[in-house]
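Participant: Structure incoming, see below.
The values are calculated or read from the model by the stated rules, or taken from the named source; none is laboratory data. Computed from a predicted structure; not experimentally measured. Glycine also receives a Cβ, built like all others from the backbone with ideal geometry; neighbour counts cover every protein chain displayed. Heavy atoms of the whole protein, side chains included, go into the accessibility calculation; ligands, DNA and RNA do not. Shrake-Rupley method; radii C 1.70, N 1.55, O 1.52, S 1.80 Å.
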Amino acid sequence: MVPGQTAVNRTRTFQGAACVLNSLQTRAAALERLHARRAEDPRTQLGAMRGFLHRAGITVGELDKLNIIHVTGTKGKGSTCAFTERILRNYGFRTGFYNSPHLVHVRERIRINGRPISEELFTKYFWETYERLEDTKDVCGGSTPFYFQFLTVMAFYVFLQERVDLAVIEVGIGGQYDCTNVIRRPWACGVTSLGLDHCSLLGDTVDQIAWQKAGIFKPGVPAFTVRQPPSSLRVLQRRAERIGCPLLVCPDLQRYEAAVGPVSLGLAGKHQRLNASLALQLSFSWLRRHEAEARGDVRTLNSQADAFQPSKAMLRGLQQTQWSGRSQTLRRGSVTFYLDGAHTAASLQAAVRWFRDETLRTERAQGPGLKVLLFNTTGERDSAALLRLLLPCRFDYALFCPNITEEPAAPLGLSVSAQQMSTRCRENRSSWRSLNASEAAHHRRPPVDDSCSRSLVFPCIPSALRWIGREKQPVSEPAGSLRSPASSDGLQEARHVSVLVTGSLYLVGGALKHLEPSLNSS
């Protein structure tokens, strides 16, 4: 039994499953030990995963039959997987899709035919997986999987039991030593745009990160990537040659458009065109291999990554793709929320371009309005560097809050306390004010944030959303502050308000939980 687990938790209910699963989350001390183990021998995690699969009753032979498309990269993994899954579902295949993190509920991570598995299925498969691991724990040195390890094992188990035709698997972190890299024989691999992220685990340069990401390549399995920095592409090519897999760079989407005309995408933002092209190549490669196997032709297909004429099912799949929290727009009366979980420099730059393009169109149609930033970061992010990228948006208000979704704020049992999260928010607010002052001095203009009322710290997501909804309410302030709580009177007078929610997928997920209550039961 997991330490601290109660008899109620062991009841075979969804609530009991969620409680036990959350107990597997990595706390700060355990995270430090995990980092130390990875530094000593990063193969430890993969070795442990093979053991967990065996204990859950999954053989490597069964895993080989899942017909997997394996996708890694720094930004755009989830969107690429969503495009790919939607395209292949349009061909009538029964699809599995495993991704992380979730935004509102954990069931989002494991999808069948594009929909999160139901509470009933989650409960059934959770307890079947968990009890198999528990029953074998004593003879295996008492080892239990971490949160992500468990969900990865469970996802494979679900897809096998539900007999999906194919599974689209998104890498968690990295590639070479990621939990998902127990996959031996994927049908195709994809690498999205590369950049700096998770540097403490993957390396301090994009080239080092490229080496890690290329670790999912397998002999004879076609691999596709989008345009990359030349040095990073060379790293990918060298690893592909050493492993023995063909690596092909996807053409720009406009090459396909030469044959079929403008391609409409269900996901907003110019950066999605790269992801869509990669998805087309991954799905096309999978379809060709599937057709070849159906004919009894088991030879490896070394197709070139040339533009082809996408079928109507492919074009419809690109247009119908939806992916919450990535370049997502929600309108609530005169307030429009732009939600993007960007948390790296490159992804935030793309989010800024998207937000500025969208708000410019709105201002042309409706006249001037107000722009509001709702921001938070987690982990090792350089918040000041990310906030600097947001300056061109010229926000009228900047709001900072921790990723706490309920009021009153209760302890979350995560790696940092609620108090530490609030402290970080105040630091982010201070950085924002300093950046605005420096920017104003450089351009010899009055600063946008010329009073405390322009940048505010809130104790949780609901309180920030209520303020945006133009309800007067107190906000949290650093100790010793004598300023009266600010109100949202300025928002009440605005013709329209545009709110960019960004910096953390967990922040976006928390906002969606309140803006789209139906997601809690979907």
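Participant: Can you spot a residue in segment 132-140 that is charged (D, E, K, R), over 30 Å from PHE217 (Cβ atoms) and assigned to a loop (DSSP other than H, G, I, E, B)?
Facilitator: Within segment 132-140, one or more residues are charged (D, E, K, R), over 30 Å from PHE217 (Cβ atoms) and assigned to a loop (DSSP other than H, G, I, E, B).
Participant: What are the residues in segment 315-349 that are open to solvent by 20 Å² or more (accessible area, probe 1.4 Å) and on the phi > 0 side of the Ramachandran plot, if any?
Facilitator: Within segment 315-349, just GLY333 meets the criteria.
Participant: When you go through (1) buried (at least 16 other Cβ atoms within 10 Å of the Cβ); (2) in a helix (DSSP H, G or I) one by one for GLY172, which number turns out not to apply?
Facilitator: Among (1) buried (at least 16 other Cβ atoms within 10 Å of the Cβ); (2) in a helix (DSSP H, G or I), GLY172 violates only (2).
Participant: Count, please, the residues in segment 83-106 that happen to be part of a loop (DSSP other than H, G, I, E, B) and at negative phi.
Facilitator: Within segment 83-106, residues that are part of a loop (DSSP other than H, G, I, E, B) and at negative phi number 11.
Participant: Sticking with this structure for a sec: Look through LEU53, LEU31 and report the one residue that is modelled with pLDDT of 55 or more and either in contact with a Phe, Trp or Tyr (Cβ under 7 Å, 6 or more places away or on another chain) or outside any loop (DSSP other than H, G, I, E, B) (or both).
Facilitator: Sole residue among the options that is modelled with pLDDT of 55 or more and either in contact with a Phe, Trp or Tyr (Cβ under 7 Å, 6 or more places away or on another chain) or outside any loop (DSSP other than H, G, I, E, B) (or both): LEU53.
Participant: Would you check if there is a residue in segment 258-269 being of a type in the set (S, T, N, Q) and at pLDDT 90 or above?
Facilitator: Checked against the condition, which is being of a type in the set (S, T, N, Q) and at pLDDT 90 or above, segment 258-269 yields at least one hit.
Participant: Is there a residue in segment 183-205 that is without any contact (Cβ under 8 Å) to a residue 60 or more places away in the chain, more than 17 Å from the chain's Cα centre (by Cα) and open to solvent by 20 Å² or more (accessible area, probe 1.4 Å)?
Facilitator: Yes; the residues of segment 183-205 include at least one that is without any contact (Cβ under 8 Å) to a residue 60 or more places away in the chain, more than 17 Å from the chain's Cα centre (by Cα) and open to solvent by 20 Å² or more (accessible area, probe 1.4 Å).
Participant: Follow-up. Name the residue, out of THR152, THR136, that is polar (S, T, N, Q) and open to solvent by 20 Å² or more (accessible area, probe 1.4 Å).
Facilitator: Details: THR152 fails: open to solvent by 20 Å² or more (accessible area, probe 1.4 Å).
Result of the check over THR152, THR136: THR136.
Participant: Okay, moving on. Can you tell me how many residues within segment 208-220 are in a loop (DSSP other than H, G, I, E, B) and either of a type in the set (Lys, Arg) or touching a Phe, Trp or Tyr at 6+ places or on another chain (Cβ under 8 Å) (or both)? Reasoning before the result, please.
Facilitator: At the first step, the residues of segment 208-220 found to be in a loop (DSSP other than H, G, I, E, B) are 217-220.
Among the residues that remain, those that are also either of a type in the set (Lys, Arg) or touching a Phe, Trp or Tyr at 6+ places or on another chain (Cβ under 8 Å) (or both) are: 218.
Total meeting the criteria: 1.
Participant: For the condition at pLDDT below 95 and on the phi < 0 side of the Ramachandran plot, what is the one hit in VAL139, VAL164, VAL158?
Facilitator: Just a single option satisfies the conditions, and that option is VAL139.
Participant: Quick test of your reading of the structure: PRO368 fulfils all but one of (1) surrounded by fewer than 19 Cβ atoms within 10 Å (Cβ to Cβ); (2) more than 19 Å from the chain's Cα centre (by Cα); (3) not in a loop (DSSP other than H, G, I, E, B); (4) not small (Gly, Ala, Ser). Name the failing condition by number.
Facilitator: (3) is the only condition that PRO368 fails.
Participant: What number of residues within segment 221-280 are of a type in the set (A, V, I, L, M), part of a helix (DSSP H, G or I) and within 16 Å of VAL191 (Cα to Cα)?
Facilitator: 10
Participant: Then there is this: Among what's in segment 206-260 and is closer than 26 Å to LEU315 by Cβ and of a type in the set (Gly, Ala, Ser), pick the residue that is least open to solvent (accessible area, probe 1.4 Å).
Facilitator: Looking at the filtered set, the residue picked out is ALA223.
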